[in-house]
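Values quoted throughout were computed directly from the atomic coordinates according to the rules given, and no laboratory measurement underlies them. Just so you know, these numbers come straight off a predicted model, no measurement behind them. FYI the Cβ positions are ideal-geometry reconstructions off the backbone, even for glycines, and counts take in every protein chain you see.
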Amino acid sequence: MSLLYQRGKRDIMQKRRIILASRSPRRKKLLEQVGLEFEICESNFDEDSVSLADPIELAKFLALKKAEAVAARYDDAIIIGADSVVIFNDQALGKPKNSAEAKRILSELSGKENKGITGYAIIDTKNKIVVNNHSEAVVKFRDLSDLEIDEYVATGEPLDMAGAYGLMDRGATLMDTVSGNFYSIVGLPINEVYIELRKMGAV
C-alpha cells in the first residue's frame with residue numbers, strides 16, 4: 001500500500017510540461033532515449049541576425065534566445081533550447097548550402113580533428129529558473145576517399161548538419177575517435193540536460 005502511494009506521488013511530481021524548442025530529429029531522439037515525455041514547439045528566433053566571434057558564446061546565446069522565444073508562450077513549462085556549431089581551423093562551420101560545399105567541407109575535415117560545441121538553455125517559466133551552458137567534444141576523422149565523400153553526400157544527410165556530418169546517423173562511419181562529451185557532437189548533451197531537469201523536479 002505504502003509503495004503504491006509513493007509511486008503515485010512520484011508520478012504526480014513528474015507531470016511538469018517539457019517543451020523542446022527544436023524540430024531536430026536527433027534532439028527529439030535523445031530526449032526519447034532517456035524516457036522523457038515532451039512536446040515540440042519550434043522557435044521562430046532568427047539565428048542569422050546574430051554574429052558573435054566566440055563560438056561557445058554564440059552557441060549558448062542562440063540556445064538561450066531559441067528557448068526564450070518559446071518560453072514566452074508558456075506560464076508553467078520547462079523549455080529546452082539548443083544550438084550546435086562545428087569548429088575547424090578556428091572557423092565555425094554551419095550547415096552546408098549545397099552538395100558542393102558539403103564535399104569541400106568533408107574533404108577538409110578528412111584525417112583531421114574538429115570540435116563540436118552545443119550550447120543549451122533550460123527555462124523553468126513557473127519558477128523563473130534559467131540554465132545556460134555548453135558542452136564540447138573533439139572528433140578525429142578517418143582519411144576519407146573522394147568516393148566515400150561522394151557517397152555520403154549523395155545520401156543528403158550532410159546538408160542538414162553543422163559541419164556536414166552527423167555521428168548518430170551514417171556519419172558515424174567517418175570518424176576515427178571522439179574525446180569529450182559525445183552528445184555535444186550529436187546536438188544535445190542529454191546527460192547534462194537530464195541532471196538539470198532533475199534539479200527542477202521535472203524527472
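Structure above, values below:
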{"item": "Residues (polar (S, T, N, Q) and over 23 Å from the mean Cα position of the chain (by Cα)) located in the stretch 128-156", "result": "Ser145"}
{"item": "Subset of the stretch 148-203 (residues that are over 18 Å from Ser135 (Cβ atoms) and β-branched (Val, Ile, Thr))", "result": "Ile149, Val153, Thr155, Thr173, Val203"}
{"item": "Close pairs (8 angstrom Cβ cut-off, 6 or more residues apart or separate chains): farther than 23 Å from Leu62 by Cα in the stretch 78-107, assigned to a loop (DSSP other than H, G, I, E, B) and of a type in the set (Phe, Trp, Tyr) anywhere", "result": "Leu106/Tyr165"}
{"item": "Matching entry among Ala164, Ala172 (being of a type in the set (Gly, Ala, Ser) and surrounded by fewer than 17 Cβ atoms within 10 Å (Cβ to Cβ))", "result": "Ala172"}
{"item": "Residue match in the stretch 120-132 (condition: under 15 Å from Arg26 (Cβ atoms) and among the small types (Gly, Ala, Ser))", "result": "no"}
{"item": "Within the stretch 38-58, tally of residues that are in contact with a Leu (Cβ under 9 Å, 6 or more places away or on another chain) and either aliphatic (A, V, I, L, M) or over 26 Å from Arg16 (Cβ atoms) (or both)", "result": "6"}
